[in-house]
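A short write-up of the structure that comes next.
The values are calculated or read from the model by the stated rules, or taken from the named source; none is laboratory data. Please read all numbers here as calculations on a predicted model, not as lab measurements. Neighbour counts run over all protein chains shown; Cβ positions are idealised from the backbone, glycine included. Surface areas here come from the heavy atoms of the whole protein model, side chains and all, with no ligands, DNA or RNA. Shrake-Rupley method; radii C 1.70, N 1.55, O 1.52, S 1.80 Å.
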Amino acid sequence: NQIMKTKLFIIFFLSLAIIGCNEQAKQNLDIVLPDISVDENADAFAKILSSSMNNHEMLDFIKEMAEERFDGDENFLIMDKIDDKSTKSSNTFYDMLSVVATKSESSYDLDSIIEAIKVNDPLLQVYVMNSELWDSGIEPLVVLLPENYDDERICTLTGYKMNGEVFTFSSENEIADAPVVVLSRNERTIVKSSKDIFSECIPFYSNEQYNYYYRSDVLNMSDNVEFITKSDDAITDELVATKWKVTTCGRYLSRPSNDYVERVTIVSKTAWKDLESTWLGEPDLELFVVHAERISSSICKITSSFFEINNKKAFNTRNNISWYSWKKNIMLWSLSENGDKMVYAWNEHDSDNKETSRNIPYTINVYGFDKFDNSYPISVSEKDEDAGYTEISYIDKQSTIFTTNNSCVKFEIKYY
């Protein structure tokens, strides 16, 4: 039965080959990941953290770290602070957690949990909600947001009390009468493998697994356009303003001056709710300014500049929405270089690794070219909310207040 022997030999040979490939694949792994899912790990960390808050030293540590507002929010990254010491002792964040982890009935392996966060869940953060109640004597609660949390969908959230009690509730519900420690994923930080280095951007934190960058720094790395330089054929603002009969408008008369977004606000409580869930804090507003850029007498392109509001309590609260005095220097608007209009497109950023694009319509006249009439794709995340856009004209008056097309954001522009 030579044929049968041959088939058996082939099967045996293939089996060895598969085993060999699997062994080779194992050897090629840089890190052996702990055998625990991301949400299971975050759940275990939430239980340890909630129980450890019986310790006043831990409560003080959480408050102090959140008040640093490293990215503008009252939050801190777990990996960034895991080895930081309390100001009142030599105990680190890890030390205070380990006391509970070792005494717990479940005997959590804290080292494995921390390693899993480092590898699988690097943006897991502590966000302090209702911080005004932190020193009120009311017991802080811990609430865990799922990794795939989407504020557009109602879901069940899990909460924890200091005594170990676990409770569940709808994400529609709000906790307004107690301080809450929310475990969620940071939306203003980008992590890259430690092997991937941005030559123009310095990480604010690094470990052997990742480099951590502020999102605004990464997106602005190549945004070094100089708008004052005249084009090759020396077309001037004076020439264009005369041809277009705009020599009496305020922006032209105040030149050279830069455009500033003087202040920003959310239009209403409804708009706030449309942009951001209670559990994720304030809306993380970003601004894309779509404008023309003359390259030469025969070349002109449409491009965008990016800006981010990163100051916590910018708009106070959704029940008392205030104007945020931003005073953000946008750019020097050269009529000859940048055309007669720009589009200000606002985005509310949510944490999501899936990038997509959103088309922003524009109609811009640049002297010497046909009208640019199309749409510009801005790069956003799939979970981001469209906060609307507004067309700005060169001849708009000083201190004009604009409202976005979807009535979510109002902002004031000045030039000086």
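So what's Rg/Rh here for the stretch 316-416, counting alpha carbon atoms and using the Kirkwood radius for Rh?
Over the Cα atoms of the stretch 316-416, Rg/Rh equals 1.00.
Would you mind counting up the charge near Thr278? Only other residues with Cβ under 12 Å from its Cβ, with Lys and Arg at +1 and Asp and Glu at -1.
-2
Once the dipole of the stretch 306-416 is set up with Lys and Arg at +1 and Asp and Glu at -1 on Cβ about the Cα centre, which of Ser336, Gly368, Ile309 lies farthest towards its positive end?
Of Ser336, Gly368, Ile309, it is Ile309.
Using a 1.4 angstrom probe on the protein heavy atoms only, line up His56, His291 by accessible area, largest first.
Output order, biggest surface exposure first: His56, His291.
Distance in nm between label sites at Thr270 and Asn148, each 7 Å beyond Cα in the beta-carbon direction?
3.2
Contour minus end-to-end for Asp196 and Ile299, with contour as 0.36 nm per residue of separation and end-to-end as the Cα-Cα distance?
Between Asp196 and Ile299, full extension yields an extra 33.7 nm.
Determine the sum of side-chain charges near Val267: Lys and Arg each +1, Asp and Glu each -1, restricted to other residues whose C-beta is under 11 angstrom from that of Val267.
Local charge sum for Val267: +1.
Using 7 Å Cα-to-Cβ label points, what is the Asp39/Asp370 separation (nm, one decimal)?
Spacing of the two 7 Å Cα→Cβ label points: 5.2 nm.
Quick one: net charge around Tyr415, please, counting Lys, Arg +1 and Asp, Glu -1 for every other residue with C-beta under 14 Å from its C-beta.
Within the 14 Å Cβ shell, the charges total +1.
Whenever you get a sec, compute what percent of the accessible area on the stretch 305-388 sits on carbon and sulfur atoms (1.4 Å probe).
37
Using only Cα atoms, figure out Rg for the stretch 236-370 and give it as a multiple of 2.2 N^0.38 Å.
Scaled against compact globular proteins, the figure is 1.27.
Accessible area per residue, 1.4 Å probe, Å², for the stretch 95-151: what's the number?
42
Over its Cα atoms, what ratio of radius of gyration to 2.2 N^0.38 Å does the stretch 32-191 give?
Dividing the Cα radius of gyration by 2.2 N^0.38 Å gives 0.97.
Residues in the stretch 131-158, backbone N under 20 Å from the label point at Phe167 (7 Å along the Cα-to-beta-carbon vector): list them, ranges by number please.
131-146, 155-158
Leaving out ligands, DNA and RNA but keeping every protein chain, what accessible area does Asp84 have, in Å² rounded to the nearest 10, with a 1.4 Å probe?
50
Once the convex hull of the alpha carbons of the stretch 95-180 is built, what does its volume come to per residue, in cubic angstrom?
129
Report the full-extension gain for the segment Thr247 to Glu132: residue separation times 0.36 nm, less the Cα-Cα distance, to one decimal in nm.
36.2 nm
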